[in-house]
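Below is one structure, written out as structure tokens; comments come after it.
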Amino acid sequence: MSTKDDLTAINPGVQRTLRILPWWWVLRWVWLGEGIWVLYLTDDRGLTLGQVFLFQAVYSGFMVISEVPTGMFADHFGRRVTMIAGSAIGVLAFFAFGLAPGILVLLVSYAMFAISDALFSGADSAMLFDSLKAARRDGEFTRWHGRLNAATAGAIGLFTLAGSLMTRWVPLAWPMVLSGILTLPSIVLAWRMHEPPREGARVPFLETGRASVVLVARTPALWSATLLMAVTTIAIMTMAQVMQPIVVGYGMPVWAVGVFVAVQMIVSAAGSWAADLVGRVVPLRHLLWIAPAGSTASLLAGATEVVWLFPLFILPGIGWNVLWPHFAEFVSRRAPDQQRATVISITNMAASAAVVVISPATGLAIDRLGLVPALGATVGALLLVTAAAYGAWWRAGDHEPAPHLASHVP
């Protein structure tokens, strides 16, 4: 049977996947606690803000451990089964987080969240790219990815508003448990997807990881772009941890925190929805320095006691959501079919590895020196990394999307 006939044969399944994928993309993370989770940990569970940063380091540590193996799993055993497993573990993580009787179970929930996230990471983008490629629509990847992220951010904004308003009548733990219940349909949706076809023979499990690490390490355009995406990710994660205590410190009630976060998520969704259009106006060579530098610098401005600068905390969300679809396409077009999920996972692992170092250091500095001095040091370090990484990426000379590589193992 010819390649054209193969595509015709699998097309109904691929089309079903493309119909289901937007629903799964949103429902895999029905997170009602985005505006209150730090307050839940500090007020209900008795953690300090510094300890919250340490918990984040635990999460990132498990991400580092899990990213490449789960990417290899997705490349070897399939994107669909990986996404089913990620959805199921995510549901259990929500229940453990909301019902935790003590710190040990909280730590276990963080580990489960990390494993779930790692299973999604790489597999979701690879599923989208491979499905669009099978449907002869891979040129639409950036637009699809941006709009899927936009739908997720917009939905989380509404979930955040609902969860925060709930705290006027129910304990802080209730939205966390309800998140698990509402995420259950994602398991069924992932089950109904179709595994997209891939070119080339299946690569041995361990060889997939080795070849992917070699590819990233030996390709300056990949590892330098990965560092720039990592800085942008660190900025948004840091913002998520410090924003809630700052808002409450301004005298706002807990439910109002959710309103601000909901607005923040909706603005981020707009940025993600417009990512494809932004990329046509602002080339990747500019996005790769604007997003990490702008997102990082806004952290310090947002943390000052100048209230009118506080809205700058919105910028990390915009920066990440605009840059990620372009970065994911940049990486996907440079990774062979049998390594795509693993290569994307390696790029995510870099951000998690950095957070393992930066998050506890920032948390310790906050507890000892105060919020603004600690963030100042973090911002300075991240801007230096941005300058060095962008210089390396520019010297690599690979500045635009490249044709899809043939399936091979280097």
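The values are calculated or read from the model by the stated rules, or taken from the named source; none is laboratory data. Since this is a predicted model, take the numbers as computed values, not measurements. Neighbour counts run over all protein chains shown; Cβ positions are idealised from the backbone, glycine included. To get the accessible areas, we keep the full protein, side chains included, count just its heavy atoms, and leave off ligands, DNA and RNA. Shrake-Rupley method; radii C 1.70, N 1.55, O 1.52, S 1.80 Å.
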Quiz item: What are the residues in segment 327-357 that are open to solvent by 10 Å² or more (accessible area, probe 1.4 Å) and outside any helix (DSSP H, G or I), if any?
Solution: 333, 334
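Considering only residues of segment 28-69 that are part of a loop (DSSP other than H, G, I, E, B) and of a type in the set (Val, Ile, Thr), which is most open to solvent (accessible area, probe 1.4 Å)? Walk me through how you get there before you give the answer.
Just the residues of segment 28-69 that are part of a loop (DSSP other than H, G, I, E, B), to begin with: 28-36, 45-48.
In the following step, the residues that additionally are of a type in the set (Val, Ile, Thr) were identified as 30, 36, 48.
Values: 30: 3, 36: 0, 48: 63 Å².
For segment 28-69, the residue satisfying everything is 48.
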Quiz prompt | Scope segment 98-115; condition over 19 Å from the mean Cα position of the chain (by Cα) and part of a helix (DSSP H, G or I); matching residues | solution = 98, 99, 103, 104, 105, 106, 107, 108
Quiz prompt | Criterion: among the aliphatic types (A, V, I, L, M), in a helix (DSSP H, G or I), in contact (Cβ under 8 Å) with a residue 24 or more places away in the chain and crowded, with 23+ Cβ neighbours inside 10 Å - qualifying residue of 162, 151, 118 | solution = 118
